[in-house]
Amino acid sequence: MFRHRRRSEIPSLNTSSTADISFMLLIFFLMTSSMDAGKGLKRQLPPPPQEQEQVADILDSDIMTIVLDAEGRMTVDGSELSLQQLQQEVRQFAAVNPRHRVVAIKTDPQAKYDAYFQLQNAIVAAYRPLKCQPRVSEVVEEHGEQTGKGGQP
């Protein structure tokens, strides 16, 4: 007698829970991993210039120019200031008429971002008690040329 061999079927694996397990692992790693937020400046960019935009006349006495050099030194009208002194100078400058005053920042391209970040924070802190936003004009010197961008943050 011959025995007929049945072809034995390979039992299939139950994979219905693998999606649940992978989803739980994804949630676990998202919750336990640390994602450090970098420093940044919260500023709103000015709107793009319109074709028929009129240029406002600003008096020289209404502009405070702050120069940030490559070594991180901040100077106003040729005198070097610390962050606290700069904050007091900006507060005194803006106290007269804060909505019509402009703070111009000239930055060396080699200046460190941290120094620029601290400069911006000092300006914003000086304007905080006045309950208005500073008008900042930024000028970056590139190989002897100056490019300007400005507006109300």
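The values are calculated or read from the model by the stated rules, or taken from the named source; none is laboratory data. The model shown is predicted, which means the values in this text are computed figures rather than measured ones. Using ideal geometry, Cβ is built from the backbone for each residue, glycine included, and neighbour counts are taken over all protein chains shown. Just the protein is used for accessible areas: all its heavy atoms, side chains included, with ligands, DNA and RNA removed. Shrake-Rupley method; radii C 1.70, N 1.55, O 1.52, S 1.80 Å.
At a glance:
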{"read-out": "Residue 84 more than 27 Å from residue 47 (Cα to Cα) and either touching a Lys or Arg at 6+ places or on another chain (Cβ under 6 Å) or at pLDDT 80 or above (or both)", "value": "yes"}
{"read-out": "Selection from the stretch 70-84 of residues that are open to solvent by less than 100 Å² (accessible area, probe 1.4 Å) and either aliphatic (A, V, I, L, M) or out of contact with any Leu (no Cβ under 8 Å at 6 or more places or on another chain) (or both)", "value": "70, 72, 74, 76, 78, 79, 81, 82, 83"}
{"read-out": "Tally, over the stretch 90-105, of residues that are crowded, with 18+ Cβ neighbours inside 10 Å, over 15 Å from residue 125 (Cβ atoms) and among the basic types (Lys, Arg)", "value": "1"}
